[in-house]
1. Pick from region 50-65 the residues that are modelled with pLDDT under 90 and in contact with a helix residue (DSSP H, G or I) (Cβ under 6 Å, 6 or more places away or on another chain): which of them is most open to solvent (accessible area, probe 1.4 Å)?
2. Is there any pair with a first residue in region 36-48 that is closer than 14 Å to E86 by Cα and a second that is open to solvent by 70 Å² or more (accessible area, probe 1.4 Å) and at pLDDT below 85 whose Cβ atoms are under 7 Å apart and which are 6 or more apart or on different chains, and what are they?
3. Counting only residues that are among the polar types (S, T, N, Q) and surrounded by fewer than 19 Cβ atoms within 10 Å (Cβ to Cβ), which one in region 67-109 is farthest from the chain's Cα centre (by Cα)?
4. Inspect region 32-42 for any residue being modelled with pLDDT of 75 or more, open to solvent by less than 30 Å² (accessible area, probe 1.4 Å) and over 27 Å from E124 (Cβ atoms) and give the result as yes or no.
5. Kindly indicate the residue of region 66-80 that is among the aromatic types (F, W, Y) and either part of a loop (DSSP other than H, G, I, E, B) or over 17 Å from P40 (Cβ atoms) (or both) and also modelled with the lowest pLDDT among those meeting that condition.
6. For region 110-121, enumerate the residues that are under 28 Å from Q43 (Cβ atoms) and open to solvent by 40 Å² or more (accessible area, probe 1.4 Å).
7. Any residue in region 81-105 that's closer than 18 Å to E38 by Cα: show its pairings with residues that are of a type in the set (G, A, S) and modelled with pLDDT under 95 at Cβ separation under 7 Å, as long as the two are six or more apart or on different chains.
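The values are calculated or read from the model by the stated rules, or taken from the named source; none is laboratory data. Keep in mind that this is a model prediction, so the values were computed, not measured. Using ideal geometry, Cβ is built from the backbone for each residue, glycine included, and neighbour counts are taken over all protein chains shown. For accessibility, only protein heavy atoms count, side chains too; no ligands or nucleic acids. Shrake-Rupley method; radii C 1.70, N 1.55, O 1.52, S 1.80 Å.
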Amino acid sequence: RWRPSTYVRARLAISLSTTVCPCSNHRLQVNRRFFGGENPTRQLLTKGLKVTLNSDDPAYFFGHTDKYGKTHAGYVESCYHATARECGLTADECVLLARNSLEATFATPEEKTALVARLRAYCEGFSA
């Protein structure tokens, strides 16, 4: 049986990233069955988990309609848009999700550092 507290403690103990695929999770009713109908990203971030957003077979999950009635494609940018809206994420939290994804890759440490630097440079181009 799935126990959220055990899951969270285990992932925090080894600093393991947690993948969330919001469009497919919605279509497959994962959110309804396990997360009270809500996108779990905010809950997981609040608990300190290193959450990453991903698309899961986007061609199969095209047309995700969020709780506000907006339809999204199944690709990763749609997962960011849907999650930001559904969870009320700030721009900084969206950047954190992107950084978590870069740090969770199988790239070398040097490549990860370069990718995070590119993300930082990109974000610095925006004014507050």
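1. D56
2. Listed pairs, sorted by first residue: none to list.
3. To start, the set of residues in region 67-109 that are among the polar types (S, T, N, Q) comprises 71, 78, 83, 90, 100-101, 105, 108.
From the residues that got through so far, the ones that are surrounded by fewer than 19 Cβ atoms within 10 Å (Cβ to Cβ) too are 71, 90, 100, 105, 108.
Numbers: T71: 18, T90: 13, N100: 9, T105: 14, T108: 22 Å.
Applying the filter and picking the extreme gives T108.
4. Taking region 32-42 as the starting set, the residues that turn out to be modelled with pLDDT of 75 or more are 38-42.
Within this subset, residues satisfying the condition of being open to solvent by less than 30 Å² (accessible area, probe 1.4 Å) are 39-41.
Applying the additional criterion that residues be over 27 Å from E124 (Cβ atoms) yields 39-40.
Yes, some residue in region 32-42 is modelled with pLDDT of 75 or more, open to solvent by less than 30 Å² (accessible area, probe 1.4 Å) and over 27 Å from E124 (Cβ atoms).
5. Of the residues in region 66-80, the ones among the aromatic types (F, W, Y) are 68, 75, 80.
After this cut, where a residue has to be either part of a loop (DSSP other than H, G, I, E, B) or over 17 Å from P40 (Cβ atoms) (or both) as well, the list is 68, 75.
Numbers: Y68: 76, Y75: 79.
Across region 66-80, the extreme among qualifying residues is Y68.
6. We begin by selecting, within region 110-121, every residue under 28 Å from Q43 (Cβ atoms); these are 112, 115-116, 119-120.
K112, L115, R120 - these are the residues of region 110-121 that are under 28 Å from Q43 (Cβ atoms) and open to solvent by 40 Å² or more (accessible area, probe 1.4 Å).
7. From residues that are closer than 18 Å to E38 by Cα, the pairs are C94/A84.
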